[in-house]
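Shown next, in structure tokens, is the structure this report addresses.
What follows draws every value from the coordinates through simple rules; no lab data is involved. Everything quoted here is computed from the prediction, not taken from an experiment. Here the Cβ positions follow ideal geometry from the backbone for every residue, glycine too, while neighbour counts run over all protein chains shown.
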Amino acid sequence: MLKNIGFLGLGTVGRHMAANLTKGHYALSVYDSDPLVVAELAKLGAAAATSPKDAAKGKDLVILIRPEKERLRPDIYGPEGVFAGIDAGTILVDMGTHSLESTLEMAEEAAKHRVMFLDAPVWGTKEHAANGLLTILTGGDSALVGRCRELFSFFGLNIIHVGNVGDATKMKFIVNLVQAELIQALAEGLVFGEKLGFTADKILEVLDSGGVASPLFHSKGRSIARGDFTRNLALKYVNEQLELVMEAAGKLGLTLPGAESAHSLYEQGVKDGRGEEDFSSVIKVLRK
């Protein structure tokens with residue numbers, strides 16, 4: 001049974017995932033570069049690790065969740081990093097969104113240390129994370145996924161096994177691409193409709209009633225209509241995810257016009273200083 005858990009990365013989504021684990025029977029040790037968020041988790045019963053090495057040492061399972069650009073190599077491969085502390089036989093689960101090369105490099109390093117590895121990026125916002133409603137995509141040995149299923153259920157009940165190590169990362173690229181383009185389409189539809197003389201509420205009433213209705217359109221559309229851009233998923237992270245998509249597509253010799261358009265739009269949002277806002281604030285770029 002998995003008991004001793006190390007958790008590295010207490011960002012917008014990670015902190016809620018770790019908080020949910022404190023509700024279980026686990027002995028949880030957490031690490032993040034921000035001591036304030038570590039202190040928050042300590043109040044919930046987690047132990048505060050002094051380094052990634054400390055968080056990984058003596059654990060049954062270690063979770064790493066950080067965006068690609070915040071995934072510091074010394075924290076993983078350095079003398080105080082994860083692989084300096086992790087024991088043979090431990091399960092290492094990478095739950096962030098990264099380049100395929102980064103994921104495969106970690107899997108290869110894990111094998112050298114006789115560590116079992118799962119590629120398991122999560123999909124959802126901080127609201128989904130807080131309520132245990134994330135989707136977990138898994139790549140790796142199916143029996144290993146089975147061993148982790150109870151723990152994963154604290155993050156979300158929709159656990160989808162998609163194939164081998166690396167396949168979950170590839171699937172997350174698809175999810176990120178479609179999600180970004182859907183919000184771009186919604187933003188364009190609202191701006192176009194407003195110029196034609198309709199209110200956002202009326203446009204959303206129509207969109208909610210037919211074949212294009214979706215939970216994403218409903219939740220983000222209503223927030224946009226209220227002028228509420230409280231961050232659930234930062235625009236800068238969506239832009240980074242699209243950069244990974246474009247990089248992967250380029251290596252396949254594939255042109256994705258919609259992705260290129262979306263990347264340009266979100267990139268402009270970051271340049272406009274909206275990177276820390278919710279990704280739905282991309283509509284402000286169109287309204288300029």
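In percent, what relative contact order does the chain have, based on Cα pairs under 8 Å that are 6 or more apart in sequence? Numbers along the way, then the final one.
Details: 521 pairs, mean separation 38.3, N = 288.
Once divided by the residue count of the chain, the mean separation gives 13 percent.
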- [ ] May I ask for the Rg/Rh ratio of region 194-260, computed from Cα atoms with Rh as the Kirkwood radius, given to two decimals?
- [x] 1.10
Open item on the list: Taking 8 Å as the Cα distance limit and 6 or more residues as the minimum spacing, I'd like the relative contact order of region 92-199 as a percentage.
Closed with: 25 percent
TODO: Rounded to the nearest 10 degrees, what's the angle between the helix 167-195 long axis and the longest principal axis of the chain, both from Cα atoms, 0 to 90?
DONE: 20 degrees
Task: In degrees, nearest ten, helix 235-251 long axis to first principal axis of the chain (Cα) - done: 80 degrees
Task: Reported label for calculated volume of the Cα convex hull per residue in Å³ given [x] 135; [y] 122; [z] 145 - done: [x]
Open item on the list: Projecting each Cα onto the charge dipole of region 207-288 (Lys/Arg +1, Asp/Glu -1 at the beta carbon, about the Cα centre), which of G269, F279, L207 comes out farthest on the positive side?
Closed with: L207
- [ ] Could you sort 206-214, 189-197, 132-140 so that the peptide with the highest average Cβ count within 10 Å comes first and the rest follow in order?
- [x] 132-140, 189-197, 206-214
Task: Filter on K23/K220; K220/K284; K170/K284; K126/K170; K23/K57; K112/K251 - keep pairs with C-alpha separation over 25 Å - done: K23/K220; K170/K284; K112/K251
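Which whole-number percent is the relative contact order of region 170-287 (Cα, under 8 Å, 6+ apart)?
After rounding, I find 36 percent.
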Open item on the list: Name the residue from A143, P79, L28 whose Cα lies farthest towards the positive end of the charge dipole of the chain, charges +1 on Cβ of Lys and Arg and -1 on Cβ of Asp and Glu.
Closed with: L28
Open item on the list: For a quick check: with amide H placed at 1.01 Å from N, whose amide H comes under 5 Å from D87's, ignoring anything fewer than 5 positions away on the same chain?
Closed with: G58, K59
Open item on the list: Give the separation of the Cα centroids, region 1-51 to region 233-288, in Å.
Closed with: 30 Å
Open item on the list: If each DSSP helix of 4+ residues adds -39,500 (n - 2.57) and the sum is divided by the residues in the chain, what number results at 222 nm, nearest 500 deg cm²/dmol?
Closed with: -15500 deg cm²/dmol
Task: Amide H contacts under 5 Å for T138, placed H, 5+ residues apart - done: I160, H161, V162
Task: Highest-MSF residue in the chain out of N20, N158, N176 [GNM, Cα springs under 10 Å] - done: N158
Task: Candidates L235, L252, L244, ranked by Gaussian network fluctuation over the chain, Cα under 10 Å, top entry - done: L252
TODO: Calculate the dipole size of the chain relative to its Cα centre from +1 charges on Lys and Arg beta carbons and -1 charges on Asp and Glu beta carbons; express the result in debye to the nearest 20.
DONE: 440 debye
Open item on the list: Please check: in the Gaussian network model of the chain (C-alpha springs, under 10 Å), which one of H16, H218, H98 has the largest mean-square fluctuation.
Closed with: H218
- [ ] Within 10 Å of each residue's Cβ, count the other Cβ atoms and sort D54, D201 from fewest upward.
- [x] D201, D54
- [ ] Enumerate the calculated ³J(HN,Hα) couplings along region 55-62 in order (Karplus 6.51 cos²θ - 1.76 cosθ + 1.60, θ = phi - 60°), each rounded to whole Hz, writing x wherever the residue is Gly or Pro.
- [x] 5, 8, 5, x, 9, 7, 8, 10
